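K.L.:
One structure, pasted below without further comment.
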Amino acid sequence: MASERIVIDPITRIEGHLRIELEAEGGRVKNAWACATQFRGIETILQGRDPRDAWAFAQRICGVCTGVHAIASVRAVEDAIKCRIPECAELIRNLVSGMATLQDHVMHFYHLHALDWVDVMSALSADPVATSRLAASVSPWPNNSATWFQEVRQRVSQSSKGGLGIFANGYWGHPAYRLSPEANLMALAHYLEALKWQREIIRLHTIFAGKNPHPNYLVGGMACAINLDNQLTVNQVRLDEIGQTVAQARRFVEEVYYPDVVAIAGFYPEYASIGASSPTLLATGESGFSCSGTPAGAMRAGLLVNADYRTLQPFDPKKIEEFVSSAWYAYPEGDKQGLHPWRGRTDPSYNGPVPPFRQLSDRPKYTWCKAPRYEGRAVQVGPNARVMVACAQGHAETVQLANQGLAKLGAGVEALNSTLGRTYCRALESVIVSRRMEQWLDALQERIKSGDISTFNPEHWEPESWPREAQGVGFMEAARGTLSHWVTIEKGKIAHYQCVVPSTWNSSGRDPEGQLGPFEHALAAGGAHPLADPNRPIEVLRTVHSFDPCESCAVHVVSPGGTRIEVKAQ
C-alpha cells in the first residue's frame with residue numbers, strides 16, 4: 001500500500017502556530033515532522049537591557065504563559081547576583097504560579113482538548129434526567145440538576161441553528177468518539193462552567209501581582225506590600241478573599257475537572273498505549289529548581305532515563321544543549337554542534353521555501369524550534385514527567401492518586417507516558433496543586449501573624465553591589481513543563497540571554513543524530529499511531545493536544561519603531 005503525505009496546518013486549539021506533516025500508510029502514522037512556523041527572538045530584544053527589567057519583557061513571550069516566564073527570569077537574575085528573597089515573597093510567588101497552573105490545566109482540558117473526546121452534536125440528543133443521574137454518580141458538584149442540563153442542551157441547540165458558533169468545524173460524528181450522549185452533555189455543561197470559573201479564580205493575581213495577564217514581579221521579591229491595617233495593601237480582607245478563591249479553585253478541580261477526566265478516560269482505554277513519547281523525562285521540582293537556593297518543594301529535580309520509570313537520575317543543568325540541525329538558525333560552530341544555553345545563539349537563518357508552500361519536511365531544516373537535548377537525549381517535559389518523577393521518588397500523595405487512576409485503566413506506570421497519560425497527569429497534578437495552595441496560604445498567614453511581612457530584599461538591588469560579570473539560571477515548572485532562563489550580566493547590563501521553554505523541548509525537530517522530538521516521537525515511533533481518516537485527523541489531534549502546545553513562546557522580533565523584522569527566504 002502506498003504511503004500518503006498529510007499536512008495539518010494550522011493545528012488549532014493551541015497557543016501559537018504549529019504545523020504537523022505526516023506520512024501515513026494503512027491507517028497508521030509512519031513518520032512525522034513538527035514545524036513551528038513562528039520565529040522567537042525575545043533573547044535578542046533583551047541584550048543590553050537592565051537585568052531588573054528582563055522579567056517584564058520575558059513574560060511577553062506569550063499572552064498565556066506570562067507569569068512563569070517572569071518567575072524564571074527573576075530567578076535567573078537573582079541567581080546571578082546572589083540575591084535571596086524573603087519567605088513571604090516565595091510563598092506569594094508559589095500562590096500566584098499555582099493559581100496560574102490550575103487555570104491553565106482546566107482551560108486546556110475543557111476549552112482546547114476536551115472536544116477531541118466530546119461530541120457536541122451528540123450531546124443534543126441526551127436525556128437531561130439521565131445526564132443528571134450520571135453526573136450525581138460521578139461527583140457531588142451542586143450543578144447536577146436535570147434543569148441545568150436541559151438549559152445547556154437548549155442553549156447549544158439554539159447556537160447550532162446559526163452554525164454552532166464556537167463549536168463549528170468540529171469532526172462531529174467521527175467514529176472515534178465513544179461517549180454516550182449523556183456523558184457528552186455533562187462534559188459540555190462543565191465546559192461552559194469552566195469559562196466562568198477560570199475568570200473568577202484568577203483574581204488572586206490582581207491582589208498579589210496587580211493584574212492578569214502579565215502579573216507584576218520584582219527582582220528580590222514581590223511588588224506587593226502587606227499591612228493588615230491598610231486598605232491599599234494586602235490586608236486581612238484581601239487574605240480572606242484569597243482564601244475563598246483558593247477553596248473555590250480546589251472544589252472545582254476535585255468535583256468537576258478530575259472526575260470528568262477519569263470518567264472520560266474510561267471510554268478511551270486504548271489511548272493509554274497510544275502516543276508514547278520520548279522515554280526520557282525531566283522535571284525540576286515542585287516549586288522550581290533554583291540555583292539561588294529558593295525552596296524546591298517536596299519533589300526533587302531528576303530524570304527518568306530510557307524508559308526506566310522507577311529509577312531517578314540526578315539532574316545536572318550543565319548537560320543541556322540546543323541543536324539547530326533541523327531549525328532555521330545558524331551556529332558559528334556548525335549544525336552538528338550543540339550549545340549550552342549560556343553559550344547559545346539566536347541567529348535566524350531561514351532557507352526554507354517561499355510561502356505559500358506545500359511542504360517543509362522535504363528539507364533538512366523545517367522549523368523555528370531548536371532541539372534541546374539532555375546528555376544527547378531527546379527529553380519529554382510536562383505534567384506527566386512531573387508525576388512520574390514524583391512517583392519514582394515515592395512522593396506519597398502523587399503515588400496514591402496515580403495508582404488510583406492506573407487501577408481503573410488496568411495499566412502500569414508506563415501508561416502515564418501516553419496520550420491519555422499526559423491528559424490524566426494534568427488533572428492529577430491539579431488536585432495536588434490545589435491542596436498545596438491551601439498550605440502555602442496558611443504558611444503565609446502564619447508568618448504575617450508572627451510579624452514577618454517582608455516581601456522584598458533590597459540588599460542586591462543596586463548594580464553597584466553586583467559582580468562585574470555574572471551568570472545565572474532560573475528554573476520553573478510551568479504548566480507545560482520545565483522552563484529555564486539563562487542570563488549573563490556584564491557591567492550591569494544583559495550581555496547574553498537564552499530561554500529553553502517546555503514547548504521547545506517537546507516540539508523540537510530532529511537533532512544531528514536523527515532523534516525525533518517528543519511530538520514527532522509520539523506520532524511516529526513504532527509506526528502504530530492510528531489515523532483512520534486523513535481528512536478528519538482526530539487521533540493525531542488527541543496526541544498533539546495532550547502536550548498542550550504553546551508555540552506562542554516563539555514571538556516575532558520588532559524594531560524599536562515597531563516595524564516587524566522580516567527574514568527573507570533564500
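The values are calculated or read from the model by the stated rules, or taken from the named source; none is laboratory data. It should be emphasised that the depicted structure is a prediction, and the values quoted were computed from it without experimental measurement. Positions of Cβ are generated from backbone atoms using ideal geometry, with glycine treated the same way; all protein chains shown enter the neighbour counts.
K.L.:
Cβ-Cβ under 7 Å, sequence separation 6+ or interchain: first residue in the stretch 227-254 and among the aliphatic types (A, V, I, L, M), partner part of a loop (DSSP other than H, G, I, E, B). Which pairs?
P.N.:
Close Cβ pairs satisfying both conditions: LEU228/ASN235; VAL234/CYS224; VAL234/ALA225.
K.L.:
Those residues that are closer than 15 Å to GLN103 by Cα and in contact with a Cys (Cβ under 8 Å, 6 or more places away or on another chain), I need them from the stretch 200-254; list them, please.
P.N.:
Listed by number, the list is empty, since nothing qualifies.
K.L.:
Quick check on the stretch 352-371. Is at least one of its residues in contact with an Asp or Glu (Cβ under 8 Å, 6 or more places away or on another chain) and part of a strand (DSSP E or B)?
P.N.:
yes
K.L.:
Then there is this: For ARG426, work out the one condition from (1) surrounded by fewer than 21 Cβ atoms within 10 Å (Cβ to Cβ); (2) of a type in the set (D, E, K, R); (3) assigned to a helix (DSSP H, G or I) it doesn't fulfil.
P.N.:
(1)
K.L.:
What's the number of the condition ALA249 fails, among (1) over 22 Å from the mean Cα position of the chain (by Cα); (2) modelled with pLDDT of 95 or more?
P.N.:
Here ALA249 meets the rest and fails (1).
K.L.:
Which residue pairs have Cβ atoms closer than 6 Å, lie 6 or more positions apart in sequence or on different chains, and pair a first residue in the stretch 344-365 that is under 22 Å from ILE42 (Cβ atoms) and of a type in the set (D, E, K, R) with a second residue that is at pLDDT 90 or above and outside any loop (DSSP other than H, G, I, E, B)?
P.N.:
Once the first residue is under 22 Å from ILE42 (Cβ atoms) and of a type in the set (D, E, K, R) and sits in the stretch 344-365, its partners that are at pLDDT 90 or above and outside any loop (DSSP other than H, G, I, E, B) give ASP347/TYR329.
K.L.:
Right, here's the next one. Looking at (1) assigned to a helix (DSSP H, G or I); (2) surrounded by fewer than 23 Cβ atoms within 10 Å (Cβ to Cβ); (3) of a type outside the set (Val, Ile, Thr), which is the only condition ASP533 fails?
P.N.:
(1)
K.L.:
In this structure, does TRP141 turn out to be at pLDDT 95 or above, under 22 Å from TYR258 (Cβ atoms) and more than 31 Å from the chain's Cα centre (by Cα)? Break it down stepwise before answering.
P.N.:
Details: at pLDDT 95 or above: yes; under 22 Å from TYR258 (Cβ atoms): yes; more than 31 Å from the chain's Cα centre (by Cα): no.
Considered against the rule, which asks whether it is at pLDDT 95 or above, under 22 Å from TYR258 (Cβ atoms) and more than 31 Å from the chain's Cα centre (by Cα), TRP141 comes out as no.
K.L.:
Examine the stretch 482-494 for a residue that is assigned to a strand (DSSP E or B), in contact with a Leu (Cβ under 6 Å, 6 or more places away or on another chain) and hydrophobic (A, V, I, L, M, F, W, C), and state whether such a residue exists.
P.N.:
Yes, because at least one residue in the stretch 482-494 is assigned to a strand (DSSP E or B), in contact with a Leu (Cβ under 6 Å, 6 or more places away or on another chain) and hydrophobic (A, V, I, L, M, F, W, C).
K.L.:
In the stretch 374-390, what residues are at pLDDT 95 or above and more than 20 Å from ASP548 (Cα to Cα)?
P.N.:
TYR374, GLU375, GLY376, ARG377, listed by residue number.
K.L.:
Name the one entry in GLU459, GLU438, GLU446 that is under 28 Å from ARG52 (Cα atoms) and either hydroxyl-bearing (Ser, Thr, Tyr) or in a helix (DSSP H, G or I) (or both).
P.N.:
Details: GLU438 fails: under 28 Å from ARG52 (Cα atoms); GLU446 fails: under 28 Å from ARG52 (Cα atoms).
Within the list GLU459, GLU438, GLU446, the selection yields GLU459.
K.L.:
In the set GLY514, GLY509, GLY526, which member is at pLDDT 95 or above and at positive phi?
P.N.:
Details: GLY509 fails: at positive phi; GLY526 fails: at pLDDT 95 or above.
Only one candidate passes the filter, namely GLY514.
K.L.:
Inside the stretch 7-51, can you point out the residues that are modelled with pLDDT under 95, crowded, with 16+ Cβ neighbours inside 10 Å and more than 21 Å from the chain's Cα centre (by Cα)?
P.N.:
Listed by number, the residues that qualify are ILE45, LEU46.
K.L.:
Still on this structure, please answer the following. Just for the stretch 475-511: of the residues that are of a type in the set (Val, Ile, Thr) and under 18 Å from the mean Cα position of the chain (by Cα), which one is surrounded by the fewest Cβ atoms within 10 Å (Cβ to Cβ)?
P.N.:
Quick first cut of the stretch 475-511, residues of a type in the set (Val, Ile, Thr) only: 482, 487-489, 494, 500-501, 504.
Next, from what is left, pick out any that are under 18 Å from the mean Cα position of the chain (by Cα): 482, 500-501, 504.
Working: THR482: 32, VAL500: 22, VAL501: 31, THR504: 26.
Among those that are of a type in the set (Val, Ile, Thr) and under 18 Å from the mean Cα position of the chain (by Cα), it is VAL500.
K.L.:
Also, I was wondering about something else. Sort through TYR191, TYR171 and tell me the only one that's surrounded by 15 or more Cβ atoms within 10 Å (Cβ to Cβ), under 26 Å from the mean Cα position of the chain (by Cα), touching a residue at least 12 places away in the same chain (Cβ under 8 Å) and farther than 30 Å from VAL246 by Cα. I'd like the intermediate steps shown before the answer.
P.N.:
Working: TYR191 fails: farther than 30 Å from VAL246 by Cα.
Only one candidate passes the filter, namely TYR171.
K.L.:
I would also like to ask the following. Hey, could you check the stretch 407-423 for residues that are of a type outside the set (Val, Ile, Thr), part of a helix (DSSP H, G or I) and modelled with pLDDT of 95 or more and say which is surrounded by the fewest Cβ atoms within 10 Å (Cβ to Cβ)? Before you say what the answer is, go through the steps one by one.
P.N.:
We begin by selecting, within the stretch 407-423, every residue of a type outside the set (Val, Ile, Thr); these are 407-412, 414-418, 420-422.
Now drop any that are not part of a helix (DSSP H, G or I), which leaves 407-409, 414-416, 420-422.
From the residues that got through so far, the ones that are modelled with pLDDT of 95 or more too are 414-416, 420-422.
Numbers: GLU414: 16, ALA415: 21, LEU416: 26, LEU420: 28, GLY421: 32, ARG422: 27.
Looking at the filtered set, the residue picked out is GLU414.
K.L.:
Moving to a separate point now. Given the structure, is ALA136 in a helix (DSSP H, G or I) and more than 21 Å from the chain's Cα centre (by Cα)? Working first, answer last.
P.N.:
Numbers: in a helix (DSSP H, G or I): yes; more than 21 Å from the chain's Cα centre (by Cα): yes.
Taking the combined requirement at face value, the residue satisfies it.
K.L.:
Would you check if GLY527 is closer than 24 Å to ALA72 by Cα and in contact (Cβ under 8 Å) with a residue 40 or more places away in the chain?
P.N.:
No; evaluated as a whole, the condition is false for this residue.
K.L.:
Considering the stretch 82-125 alone, what residues qualify as being surrounded by fewer than 21 Cβ atoms within 10 Å (Cβ to Cβ), closer than 27 Å to PRO549 by Cβ and out of contact with any Lys or Arg (no Cβ under 7 Å at 6 or more places or on another chain)?
P.N.:
Of everything in the stretch 82-125, those that are surrounded by fewer than 21 Cβ atoms within 10 Å (Cβ to Cβ), closer than 27 Å to PRO549 by Cβ and out of contact with any Lys or Arg (no Cβ under 7 Å at 6 or more places or on another chain) turn out to be MET107, HIS111, MET121, SER122.
K.L.:
Something else about it: So which pairs qualify, if the first residue must be in the stretch 382-402 and over 22 Å from VAL68 (Cα atoms), the second must be polar (S, T, N, Q) and crowded, with 24+ Cβ neighbours inside 10 Å, the Cβ gap must be under 6 Å, and the two must be at least 6 apart or on different chains?
P.N.:
Pairs found: CYS391/THR398.
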